[in-house]
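Nothing in this text is a laboratory measurement; each read-out follows from the coordinates by a stated rule. These numbers come from a predicted model, not from an experiment. Here the Cβ is made from the backbone with ideal geometry for all residues, glycine too, and neighbour counts use every protein chain on show.
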Amino acid sequence: MDKNKRGMALINFKKAQSHLGNVIEMTENGKYCIDVMQQNLAVIGLLKSAHQLLMENHLNSCFIHAMSTSSQAKKNQMIEEILTVSKLANK
């Protein structure tokens, strides 16, 4: 994985973890619903951004490598993996 993208994804995961802790604490303490939802949306945004970074990196490295092989089975497997992850991301 590209070190820069990995670092950016890791930063987003850590920020999401911190925000999620805030969401849990706010919910436990009965904070105003809108404030909790805003923090929750921040977590979702960070996770989506990290996912996008991981997908970009995967397509630019693992996927390209798999597509350059002569193994049709490997190509099909890689395509199926991308489709599966894309479907899950769009739920």
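Looking at (1) over 17 Å from the mean Cα position of the chain (by Cα); (2) under 28 Å from LYS3 (Cα atoms); (3) surrounded by 12 or more Cβ atoms within 10 Å (Cβ to Cβ), which one does MET26 not meet, given that it meets all the others?
(2)
Only one residue in ASN40, ASN12 is buried (at least 16 other Cβ atoms within 10 Å of the Cβ), among the polar types (S, T, N, Q) and touching a Leu at 6+ places or on another chain (Cβ under 8 Å), so which one is that?
Only one candidate qualifies: ASN12.
Quick one: would you say VAL36 is of a type outside the set (Phe, Trp, Tyr), assigned to a helix (DSSP H, G or I) and in contact with a Ser or Thr (Cβ under 9 Å, 6 or more places away or on another chain)?
When the stated conditions are applied, VAL36 passes them.
Find the residue count for segment 19-62, including only residues that are within 29 Å of LYS87 (Cβ to Cβ), of a type in the set (S, T, N, Q) and without any contact (Cβ under 8 Å) to a residue 12 or more places away in the chain.
2
Which members of segment 43-91 meet the condition of being exposed (fewer than 13 other Cβ atoms within 10 Å of the Cβ) and of a type in the set (Phe, Trp, Tyr)?
Within segment 43-91, no residue meets the criteria.
Determine which single condition LYS31 fails, assuming it passes every other condition in (1) touching a helix residue (DSSP H, G or I) at 6+ places or on another chain (Cβ under 9 Å); (2) in a helix (DSSP H, G or I); (3) surrounded by 13 or more Cβ atoms within 10 Å (Cβ to Cβ).
Exception for LYS31: condition (2).
Within segment 4-18, which residues are closer than 17 Å to VAL43 by Cα and either among the aliphatic types (A, V, I, L, M) or without any contact (Cβ under 8 Å) to a residue 40 or more places away in the chain (or both)?
Listed by number, the residues that qualify are MET8, ALA9, LEU10, ILE11, PHE13, LYS14, LYS15, ALA16, GLN17, SER18.
Within segment 8-55, which residues are under 24 Å from LYS91 (Cα atoms) and β-branched (Val, Ile, Thr)?
Those that are under 24 Å from LYS91 (Cα atoms) and β-branched (Val, Ile, Thr): VAL23, ILE24, ILE34, VAL36, VAL43, ILE44.
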